[in-house]
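Peer 1: One structure follows; several queries about it will come next.
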């Protein structure tokens, strides 16, 4: 087997097993394509001191490896941070694949604007660039119009594992997940961060909670704005209507998706390059509602495989979700069937096959 070096500042750990899980999934695909992988990574830390130490180690080890060890290629995720060692690259003819995921291309903060120069550096040195969607390819070409299009590979962040995410009825542990089949459910799952849409989701809940008495609302996620979310749940007296979970493993998440009538994906981030969670929800039979100008627009055809809202506001989201709740089960089944057919193009099997073809040409 040929050796590959993977550099990333996001990767799962024992404490945070789903942080950067898609990077681990891509590693698995590369490994199954016949490569042995060495991963230099930074995992999620609980303190700034731990984070600083982790980055120092990452930079030093990565610089040594890219200069003194031989690899079939070096694969870099999130180059805005992970590509900094390239400043010290002395060797020539190092094959470099750069995988851009989101705010490493589309900045959301002043810090992102500063570090994007390392994405620029990585793209300049890259033999190939991997992007999660056609939507993000358009943004990429706006910034790098001279980059050769035949060196761009579209791959949906590891794809959807159909062994986990599937629509078949399941034996959910209702007591564990606090979900009862006497209700229908409208869900949300994301990091609880600015721009991810959790606040729009709660606004929508407040609009619909009395209009849809046979529905309950499920919210899955954790993040830096979790305290603000909890405060809003309490101040709006929504606790009895919203069932909240923190991080769930993929099997538990898939069980929730199978019970959802509607999955809300109201992210306002232009850096939402794909939105794999939307595809996973579709694979389980949930009808997905998202916004225009983000990654889900790559795979949702409005009115056929889900619904796209433009512009996305509390009112437009609440109106669309209410409309979906009122359509017939026959129509819902038709949308779910079309969505499932679409998801097949994003399955891990298809992604692996396409990835193997891509790597064979490098």
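Peer 1: When you go through 153, 115 one by one, which is the residue that is surrounded by fewer than 23 Cβ atoms within 10 Å (Cβ to Cβ), touching a helix residue (DSSP H, G or I) at 6+ places or on another chain (Cβ under 6 Å) and farther than 21 Å from residue 26 by Cα?
Peer 2: 115
Peer 1: Checking the condition more than 22 Å from residue 196 (Cβ to Cβ) and within 15 Å of the chain's Cα centre (by Cα), which residue from 330, 348 passes? Show your work before the answer.
Peer 2: Details: 330 fails: within 15 Å of the chain's Cα centre (by Cα).
On inspection, the qualifying residue turns out to be 348.
Peer 1: Does the stretch 19-36 hold any residues that are surrounded by fewer than 16 Cβ atoms within 10 Å (Cβ to Cβ) and either in contact with a helix residue (DSSP H, G or I) (Cβ under 6 Å, 6 or more places away or on another chain) or in contact (Cβ under 8 Å) with a residue 12 or more places away in the chain (or both), and which are they?
Peer 2: Once the filter is applied, which keeps residues that are surrounded by fewer than 16 Cβ atoms within 10 Å (Cβ to Cβ) and either in contact with a helix residue (DSSP H, G or I) (Cβ under 6 Å, 6 or more places away or on another chain) or in contact (Cβ under 8 Å) with a residue 12 or more places away in the chain (or both), the stretch 19-36 yields 28, 32, 34, 36.
Peer 1: Please find, among 252, 315, 323, the residue that is assigned to a helix (DSSP H, G or I), modelled with pLDDT under 95, at negative phi and assigned by TED's automatic domain parsing to the domain that holds residue 185.
Peer 2: Result: 252 is the single residue among 252, 315, 323 that is assigned to a helix (DSSP H, G or I), modelled with pLDDT under 95, at negative phi and assigned by TED's automatic domain parsing to the domain that holds residue 185.
Peer 1: Any residue in the stretch 235-250 that is free of Cβ contacts under 8 Å to residues at least 24 places away in the same chain sitting within a Cβ distance under 6 Å of a residue that is surrounded by 11 or more Cβ atoms within 10 Å (Cβ to Cβ)? List the pairs, counting only those 6 or more apart or interchain.
Peer 2: Taking only residues 6 or more apart or on different chains, the pairs are 239/233.
Peer 1: Mind checking which pairs have a first residue in the stretch 97-114 that is more than 18 Å from residue 196 (Cβ to Cβ) and a second that is surrounded by fewer than 17 Cβ atoms within 10 Å (Cβ to Cβ) and modelled with pLDDT under 95, Cβ under 8 Å, 6 or more apart or different chains?
Peer 2: Qualifying pairs under 8 Å: 97/362.
Peer 1: May I ask you to verify whether residue 338 is surrounded by 13 or more Cβ atoms within 10 Å (Cβ to Cβ), outside the structural domain of residue 31 (by TED's automatic domain parsing) and within 19 Å of residue 279 (Cα to Cα)?
Peer 2: Yes, satisfied.
The values are calculated or read from the model by the stated rules, or taken from the named source; none is laboratory data. As the structure is a computational prediction, the values presented were derived from the model and not from experiment. Please note: Cβ atoms are built from the backbone with ideal geometry, for glycine as well, and neighbour counts cover all protein chains shown.
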